[in-house]
Amino acid sequence: MSTHQPVLVAEVVSLLNLRPGTVVVDATCGGGGHGLDILPRLRPGGRLIAIDRDAGALAEARTRLDAFEAMTVFAQRNYGELSAVLRELGIARIDGLVMDLGMSSLQLDDAARGFSFLRDGPLDMRMDQRQPLTAEALLRDRPAPELEQLIRTLGEERYAGRIARRIVRERGRQPLTTTTQLAQLITAAVPPPARHKRLHPATRTFQALRMAVNDELGALATLLEDLPTLLAPGARAVIMAFHSLEDRLVKHAFRNGQRAGRWEVLTKRPVRPTVEEVAGNPRARSAKLRAIEAGA
Ligand SMILES: C[S@@+](CC[C@H](N)C(=O)[O-])C[C@H]1O[C@@H](n2cnc3c(N)ncnc32)[C@H](O)[C@@H]1O
């Protein structure tokens, strides 16, 4: 299995202003890429609360962060429940929070998870495989207008109407069960010139389905709403978004919090990866990092 290359690591570490003995949450710990650089800076006495919805990601992180086992707590939870997770752990406030939104290469590269249109697999797309809703169920049950809306909004897909209508037509003929089936159907639905662009025609629809299946915007909105009650005085929060709707939620929540005097925004403009980082890690391309510091 390939590993996930963490994005903007130096910037995350610097903006978190990590100090020994403090409590930091990595709410999207994935394979532990950022955790690995955070943990040594919390010694002695600090703790990392490593959260992910995905059991496979947490298993990978446990191995990677093995040397820091005594100072790491792993939790397979939705970060939308961060308040509850901290309450259960007896932690009143945290000193740092990092979030690296979206999915990891570990998830994308595993055909059985159904995230990739380039690999034949089941239409699953669940980050937490304990949840009942899969992409297959969503594509089977939702009416055409709802599918169109979802693909248009979350995928920012201009051919959402054509794609939704084709899905509804095809599912009336045979059940849609595989990623390849869906990718081919989408390719056939878009106008011929759009089939040969650099971006695969299924990219945006797959992104939209993944975000809908996992209610990614809902979880982020809940976390941002709870954020003022989670941060200790002087705490830092650093969030990396890869989708314009996510970045907009973060930007507005950070700006509104600053206006309310809760924190100061440390990033006037979002921090972007350098050309060199993008060359070595294409996933970094669309990253936008924003950070705040809670009032004293
Ligand atoms: C981009 S990856 C993080 C990679 C990690 N920073 C690293 O460098 O190894 C995003 C991770 O967030 C997790 N995730 C997404 N939404 C989540 C949610 N609502 N609650 C908890 N974890 C979530 C995904 O399962 C995925 O493993």
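The charge dipole of the stretch 24-75, taken about the Cα centre with unit charges on the Cβ atoms of Lys, Arg (+1) and Asp, Glu (-1), comes to about 180 debye, rounded to the nearest 20. Over all pairs of different C-alpha atoms, the stretch 1-80 has a mean inverse distance whose reciprocal, the Kirkwood radius, equals 12.5 Å.
At what distance in angstrom do the alpha carbon centres of the stretch 1-56 and the stretch 269-296 lie from each other? If we compute the Cα centre of each part, the gap is 16 Å. Counting beta carbons within 10 Å around each of 196, 34 and listing the fewest first gives the order 196, 34. Farthest towards the positive end of the charge dipole of the chain, among the residues 274, 155, 228, is the Cα of 155, using unit charges on the Cβ of Lys, Arg, Asp and Glu. What FRET efficiency do you get for residue 174 and residue 91 if R0 is 45 Å and r is their Cβ-Cβ distance, rounded to the nearest 0.05? My answer for the efficiency is 0.35.
The Cα atoms of the stretch 1-155 define a convex hull whose projected area, averaged across directions, is 10.5 nm². Here's the list of lysines a cross-link from residue 288 could span, going by alpha-carbon distance under 19 Å and ignoring same-chain residues fewer than 8 apart: 251, 268. If you take all other residues with their beta carbon under 12 Å from the beta carbon of residue 251, and give Lys and Arg +1 and Asp and Glu -1, the sum is +4. By the count of other C-beta atoms within 10 Å, a proxy for reagent exposure, 292, 239, 167 are ordered fewest to most as 167, 292, 239.
Peptides 201-207, 89-95, 186-192, 10-16 ranked from most to least packed, by the mean per-residue count of other Cβ atoms within 10 Å: 201-207, 10-16, 186-192, 89-95. Our note on the geometry: Cα centres of the stretch 130-149 and the stretch 154-232, 10 Å apart. Neighbour counting of Cβ atoms within 10 Å sorts the residues 26, 54, 141, 120, fewest neighbours leading, into 141, 120, 54, 26.
Quick note: the coordinates plus some simple rules give every number you see, no bench work behind them. It should be emphasised that the depicted structure is a prediction, and the values quoted were computed from it without experimental measurement. Heads up, the Cβs are rebuilt from the backbone with ideal geometry, glycines too, and the neighbour counts pull from every protein chain shown.
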